[in-house]
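This is the structure, below, for whatever I ask next.
What follows is calculated from the coordinates using simple rules that are stated; it is not laboratory data. Because the structure is a prediction, the values reported are computed rather than measured. Methodologically, a virtual Cβ is constructed for each residue, glycine included, from the backbone with ideal geometry; neighbour enumeration extends over all protein chains shown.
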Amino acid sequence: MARQRHLWRRKKARLIFSRFDRCLTPPEVAAATYDVPDSPLKLTSYANVFSQQKLDVGTRFFLQNFPDVGAAHRIADVGCGNGALGIFAAWRNPAVAVTFLDESYLALASAKASFVSNLLPNIAHFIAADTFSGVDEQEAREKFDIVLCNPPFHEGSKIHTDIAVRMFAGAARHLVSNGELYVIGNRHLGYHEILKKHFHQVVLTASNAKFVIIQAAKPRRQ
Ligand SMILES: C[S@@+](CC[C@H](N)C(=O)[O-])C[C@H]1O[C@@H](n2cnc3c(N)ncnc32)[C@H](O)[C@@H]1O
């Protein structure tokens with residue numbers, strides 16, 4: 001009987017093998033395109049990408065209070081989604097090279113489609129990465145002047161800041177010594193305090209009833 005129960009349990013176990021399905025290339029997946037206010041830019045988003053149908057209110061607030069990127073040579077947009085932040089930076093500074101990082105292939109495909117459709121002259125890299133994990137050694141040596149970040153903060157209905165924390169720590173490692181990280185977040189998430197663990201200087205640059213934009217500078221080297 002015990003043996004039978006054991007077999008029964010074994011039967012219930014399932015092995016699931018996944019593979020990249022070549023049929024699911026982005027052009028065959030439904031895409032939405034919309035305008036970015038106060039700019040000539042358009043964004044393209046494939047299914048399930050953050051702010052797929054219209055610009056997220058937080059992202060919009062970030063674009064309305066965008067940092068001066070005029071002197072930057074290299075910028076990273078970590079958790080880029082459809083590329084809203086990095087593309088806006090590229091438009092503001094045609095000479096800056098932008099690295100788009102996201103764990104989602106459809107997000108990266110969206111960022112690339114958005115970048116291409118806006119005919120931007122910038123150099124751009126699109127890297128599938130868990131935070132900064134995909135930035136190769138050569139890129140890591142040539143650090144970023146600015147990192148832009150609108151981190152994910154929930155999975156389903158559960159709020160968590162784990163990925164944001166790893167993005168901030170990664171930014172501190174991948175910024176030049178006088179580089180700057182700009183983060184947007186909901187007020188209640190307490191990013192200010194988390195950022196102080198990774199940066200010596202943490203300043204609020206803009207806020208409204210719902211969001212804060214924070215500049216973090218002078219990365220602590222850990
Ligand atoms: C709040 S959305 C921001 C998207 C875009 N930057 C914007 O402002 O509209 C967060 C993005 O982080 C990405 N993301 C989630 N976990 C990640 C991880 N571990 N590494 C890199 N990107 C991640 C998600 O796929 C999503 O595109």
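Could you work out the local net charge near GLY58, counting Lys and Arg as +1, Asp and Glu as -1, over the other residues with Cβ closer than 13 Å to its Cβ?
+3
Where the Cα atoms of the stretch 18-219 are projected onto their three principal axes, how long is each span, largest first, in whole Å?
Principal extents (Cα only, largest first): 47, 39, 38 Å.
5 Å is the cut-off here: which amide hydrogens, built 1.01 Å from N in the peptide plane, fall below it relative to PHE211, excluding neighbours closer than 5 in sequence?
ARG187
Here's something else I'd like to know. By counting other Cβ atoms within 10 Å of each Cβ, how are VAL202, VAL98 ranked from fewest to most?
If I rank by nearby Cβ atoms, fewest first, I get VAL202, VAL98.
How far apart, in nm, are the 7 Å Cα→Cβ label points at VAL57 and ARG166?
Result for the modelled spin labels: 2.9 nm.
So if each residue of separation counts as 0.36 nm, and I subtract the Cα-Cα distance between VAL116 and ASP38, what length gain in nm does that give?
Stretched fully, the VAL116-ASP38 segment lengthens by 26.1 nm.
A further question follows. From the phi angles alone, apply the Karplus equation (6.51, -1.76, 1.60; θ = phi - 60°) to the stretch 95-104 and give each ³J(HN,Hα) in whole Hz, x where the residue is Gly or Pro.
My calculation for the stretch 95-104 gives 8, 7, 8, 10, 10, 9, 10, 7, 7, 9 Hz in order.
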